[in-house]
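Structure first, commentary second.
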Amino acid sequence: MQCIFQTPMLLWYTHIPVLLFSLLAIFFLFSVDARSWVIRHLAITFIIFSLWLLDLVAQWVIHDVAMNLFVSRISILGFMAMPFFLLFAMSFLGRIPGMKQTLLLLAPFIFGCLFIFSNLNIQINPEDCNTQTGILYYYFSFFSFVYIARSVWMLIQARKQSREQNIRKQIVLIVVAMIFSVCWFALFPFLIDYTVSTGLGDELSQIMPAGILIFIGMLTYAMLRRRLFDVKIAATNIFTVVIWILVGSQLLFVQNLTSKILIFATFILVVIFGIALMRSVREEMRRKEELQRISDSLAKANERLRELDNTKTEFISIASHQLRTPLTAIKGYLSLLLEGSYGAVSAEVMDVLEKVNLVNRNLIQLVEDLLNVSRIDAGRIKYSFEPTQLETLVAERVDMFMPIARDRGIELGLRLPKKALPKMMIDPSKMREAVSNLVDNSIKYTEKGSVIVSVELVRDEAVRILVEDTGIGFREEDGAKLFGKFVRTQETTKVYVSGTGLGLFVGKSFVEAHGGRMWAESDGLGKGSRFYIELPVVNPKAPMENGSGEEGEK
Amino acid sequence: MPKILFVEDDQFIAEIYKKKFETSGLDADNVGTGKAVLRAVKGDSYDLVLLDLVIPEMSGKEVLKELRTNDEYDKNLKIVVFSNLSSAEDRDECLQLGANGFISKTEYTPSEVVEEIQRFLRQFEEQERNGIRESASGFEGGLGRRGKKILFLEDESVFIEMFGKRLRDEGYDVVLKGEGVSGLDVAMAGGFDMLITDIMMPGVGGHEIVSRLRQTDFGKNIPIILLSASLEDEQLSEIAEGSAVDRAFSKTRITPSELAYAVNDVFKKRS
């Protein structure tokens with residue numbers, strides 16, 4: 001008996017390309033790695049889908065009722081792709097299932113297969129050639145849903161635990177592809193049933209294979225993302241071979257001798273260039289692969305370095321905190337001893353205690369400095385900006401060092417701008433420390449001559465503090481290094497062995513927190529140095545207070 | 001106000017020091033030469049003399065010798081030598097001559113000099129009082145002299161001994177507890193005039209003890225001082241400004257005497 005129904009127009013165009021695409025995907029998968037179970041399980045899934053596509057085509061083409069029924073019933077085997085997808089997911093996560101596990105997973109499906117040809121499956125009404133879905137469909141749907149849910153769950157769990165970006169991205173792709181397909185293929189039957197009456201149902205069902213295309217495409221991309229180089233090589237090879245075949249096959253059709261010679265010549269050319277192309281593509285891909293590998297290992301090394309740096313900062317912080325307690329105990333007991341709380345003490349002992357006290361104070365200062373550095377590194381320094389007259393701050397600092405400078409026989413001078421500077425939003429204690437550091441350093445490293453501190457307005461928008469000395473100077477290449485942590489040049493260590501080498505580092509980060517810059521220049525060893533602090537008049541990092549009136553002034 | 005004498009012939013620098021001393025609450029007189037020191041000391045009584053070694057007319061060492069050997073001068077006068085004492089022999093010699101302390105010129109900025117002077121002043125004062133205490137009735141006699149009882153909660157034994165002893169010397173009756181749970185019990189039992197507690201302790205923390213105490217009748221208004229090893233200064237002053245506690249200190253920055261003075265201060269303000 002014959003069923004008269006229209007074979008849809010676009011049947012071949014919508015189904016065959018998808019079928020070819022699916023075969024291509026399987027080919028690429030195997031060409032990359034034929035032995036991995038991950039690939040094999042995925043390939044089997046694709047193969048099942050491909051066969052199912054063929055079956056779909058057959059359903060439309062075969063008009064004999066009995067054959068059609070047979071073919072329609074077989075199409076339910078498409079569900080077999082689901083357990084294989086679960087197997088793929090398991091293999092992907094490294095839990096390759098053994099024989100027993102595989103059979104166990106396939107069991108419900110194999111059991112269902114026994115009823116393929118029974119009435120539980122699809123039935124065709126011979127009168128109007130309409131199909132009726134059987135219970136078997138729901139049976140398979142149920143298990144498919146369970147398996148899909150399980151694989152999606154496993155993949156999501158794995159994603160949470162994994163820290164590798166690649167794996168995470170892959171999982172996202174796979175899960176999205178799966179969920180998309182589930183929705184697509186779950187919705188379509190309803191859509192078709194709904195529109196069957198209008199006649200649009202048949203046309204609509206032609207779009208369904210597109211879902212397979214997307215599904216296969218996403219999964220193949222997910223698997224081959226990192227091996228695209230191999231894929232590109234394979235693609236080039238296939239393309240070249242295809243061209244050879246196309247060109248060469250013309251020889252069979254052409255009768256004319258001239259044409260034959262021409263085509264043969266073309267063929268030779270195409271072969272030569274084809275081989276050159278294939279070679280160069282392979283070279284290119286190899287190189288890119290190498291580069292990718294290097295960049296990956298660099299990224300990993302970088303990550304490790306960052307972790308190490310964090311650990312180091314944390315260590316400094318913890319160590320400094322731990323050091324504070326014993327140092328304080330020493331300081332406290334020393335003060336009690338010196339005060340005579342434990343009885344009168346001879347002058348000599350008193351003197352020794354004073355020396356210990358001094359040394360302890362330096363130690364405490366060092367620990368404080370280290371703590372500050374670790375706080376700077378962790379970004380935990382708090383700044384309290386207030387409107388400040390910078391000249392006053394600098395002048396006060398210079399006064400501080402006057403006695404010391406005079407004692408060393410060095411001239412210490414201060415030059416302020418003629419017109420008063422506008423008030424600037426500055427954290428006074430931090431800026432005092434930055435300026436102090438510079439003046440202190442200059443005095444320390446100047447044998448004779450002068451240290452001149454000048455403050456001036458620059459380009460109307462910034463204030464520059466310059467500390468210029470006639471001291472030991474530094475080499476040009478050391479200029480930037482000076483501001484690193486714990487840095488002393490060879491020359492400075494000769495002059496002044498104590499001192500942590502942290503002052504410039506701390507000062508620089510304070511200045512930069514004001515939106516400013518700090519740098520140093522020198523004409524060479526023995527030729528003095530110039531240390532600069534430049535601060536923008538309007539502090540980009542500080543909110544302007546109302547009524548302070550800075551913005552209008554210039 | 002404590003009064004000190006210092007020697008500096010450069011007027012500009014003398015001004016800097018004088019300003020610094022004054023803003024720190026010290027009355028400071030300045031002379032320019034060694035002989036002027038001797039004259040000044042005869043005319044006025046100073047709590048401390050800051051004696052530079054390199055001065056005109058008479059060197060610092062000679063002044064020192066004169067002040068200590070000549071009976072005309074007060075033997076009890078405190079002299080702190082201010083100089084570049086790079087050689088140990090110099091320091092020893094001054095020690096032999098009777099100096100009470102040293103401040104190095106190159107290491108200290110004027111602000112740091114003032115801090116050291118203040119430390120010395122406190123030290124000398126305490127030495128006096130300890131001398132008196134010792135001769136009067138031995139150290140035990142200090143117990144409960146002031147009639148106030150302090151509960152001191154602190155888990156690090158080093159600090160318990162240090163601060164506890166100093167507070168007892170100051171004349172307070174001190175009950176010490178080393179951890180939070182028993183500390184809380186004793187606190188809630190009442191019967192003391194002030195609570196000093198560490199913030200970080202095993203068992204119950206200082207914060208909780210304070211809040212529990214503030215909820216009781218007797219604990220509502222008791223003066224409380226917080227000690228901490230780990231909080232930053234800004235956070236500490238924030239806590240102090242909140243009304244639950246009177247003061248907050250960083251354990252690592254306060255000496256036992258400073259704590260004792262703070263306690264005196266709080267009691268005085270409260271009465």
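The values are calculated or read from the model by the stated rules, or taken from the named source; none is laboratory data. On a predicted model such as this, the values are computed, not experimentally measured, just so you know. For neighbour counting, all protein chains shown are included, and Cβ atoms are generated from backbone atoms with ideal geometry for every residue, glycine included.
Taking first residues from region B:162-173 that are within 11 Å of another protein chain (Cβ to nearest Cβ) and closer than 20 Å to residue B:252 by Cα and partners that are surrounded by fewer than 23 Cβ atoms within 10 Å (Cβ to Cβ) and among the aromatic types (Phe, Trp, Tyr), the Cβ contacts under 9 Å between residues at least 6 apart in sequence or on separate chains come to B:162/A:333; B:165/A:342; B:165/B:139.
Could you check region A:314-359 and list, in sequence order, the residues that are of a type in the set (Val, Ile, Thr), assigned to a helix (DSSP H, G or I) and more than 8 Å from chain B (Cβ to nearest Cβ)? Listed by number, the residues that qualify are A:316, A:318, A:330, A:349, A:352, A:356, A:359.
Evaluating residue A:362 against the criteria (1) crowded, with 16+ Cβ neighbours inside 10 Å; (2) within 13 Å of chain B (Cβ to nearest Cβ) leaves one unmet condition, (1). Listed by first and then second residue, the pairs with beta-carbon distance under 7 Å, at least 6 apart or on different chains, first residue in region A:427-455 and more than 22 Å from residue A:509 (Cβ to Cβ), second of a type in the set (Phe, Trp, Tyr), are A:443/A:401.
Return yes or no: is residue A:120 within 28 Å of residue A:68 (Cβ to Cβ) and in contact (Cβ under 8 Å) with a residue 12 or more places away in the chain? Step through it out loud before you land on a result.
Numbers: within 28 Å of residue A:68 (Cβ to Cβ): yes; in contact (Cβ under 8 Å) with a residue 12 or more places away in the chain: yes.
Yes; evaluated as a whole, the condition is true for this residue.
Can you confirm whether region B:134-141 contains a residue that is modelled with pLDDT under 90 and within 9 Å of chain A (Cβ to nearest Cβ)? Give the derivation first.
In the first step, residues of region B:134-141 are kept if they are modelled with pLDDT under 90; the result is B:134-141.
Those left that are additionally within 9 Å of chain A (Cβ to nearest Cβ): B:134, B:139.
Checked against the condition, which is being modelled with pLDDT under 90 and within 9 Å of chain A (Cβ to nearest Cβ), region B:134-141 yields at least one hit.
Consider region A:328-343 and keep the residues that are in contact (Cβ under 8 Å) with a residue 24 or more places away in the chain and out of contact with any Lys or Arg (no Cβ under 9 Å at 6 or more places or on another chain). The one that is nearest to residue B:257 (Cα to Cα) is A:334. For region A:437-488, filtered to residues that are buried (at least 19 other Cβ atoms within 10 Å of the Cβ) and of a type in the set (Ser, Thr, Tyr), the residue that is nearest to residue A:422 (Cα to Cα) is A:442.
Results for (1) farther than 24 Å from residue A:79 by Cβ; (2) in contact with an Asp or Glu (Cβ under 6 Å, 6 or more places away or on another chain); (3) basic (Lys, Arg); (4) surrounded by 12 or more Cβ atoms within 10 Å (Cβ to Cβ), shown as yes or no for each residue.
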{"position": "A:210", "(1), (2), (3), (4)": "no, no, no, yes"}
{"position": "A:233", "(1), (2), (3), (4)": "yes, no, no, yes"}
{"position": "A:238", "(1), (2), (3), (4)": "yes, no, no, yes"}
{"position": "A:255", "(1), (2), (3), (4)": "yes, no, no, no"}
{"position": "A:259", "(1), (2), (3), (4)": "yes, no, no, yes"}
{"position": "A:274", "(1), (2), (3), (4)": "yes, no, no, yes"}
{"position": "A:293", "(1), (2), (3), (4)": "yes, no, yes, no"}
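When the test is whether a residue is part of a loop (DSSP other than H, G, I, E, B), at the interface with another protein chain (Cβ under 8 Å from one of its Cβ atoms), modelled with pLDDT under 85 and surrounded by fewer than 15 Cβ atoms within 10 Å (Cβ to Cβ), residue A:379 does not pass it.
Taking residues in region B:117-133 that are more than 8 Å from every other protein chain (Cβ to nearest Cβ), and partners anywhere that are surrounded by fewer than 17 Cβ atoms within 10 Å (Cβ to Cβ) and modelled with pLDDT of 90 or more, not one pair has Cβ atoms closer than 6 Å while being at least 6 places apart or on different chains.
Do we find that residue A:75 is closer than 20 Å to residue A:119 by Cβ and of a type in the set (Ser, Thr, Tyr) in this structure? For residue A:75, the condition - closer than 20 Å to residue A:119 by Cβ and of a type in the set (Ser, Thr, Tyr) - is met.
Residue A:431 fulfils the conditions (1) closer than 30 Å to residue A:317 by Cβ; (2) within 14 Å of chain B (Cβ to nearest Cβ) except for a single criterion, (2). Of all the residues in region B:221-239, those that are at pLDDT 80 or above and part of a loop (DSSP other than H, G, I, E, B) number 3.
State yes or no: is residue A:187 surrounded by fewer than 17 Cβ atoms within 10 Å (Cβ to Cβ), part of a helix (DSSP H, G or I) and modelled with pLDDT of 75 or more?
Spelling it out, residue A:187 is indeed surrounded by fewer than 17 Cβ atoms within 10 Å (Cβ to Cβ), part of a helix (DSSP H, G or I) and modelled with pLDDT of 75 or more.
Number of residues in region A:60-100 that are touching a Pro at 6+ places or on another chain (Cβ under 9 Å) and either more than 25 Å from residue A:174 (Cβ to Cβ) or modelled with pLDDT under 85 (or both): the value is 2.
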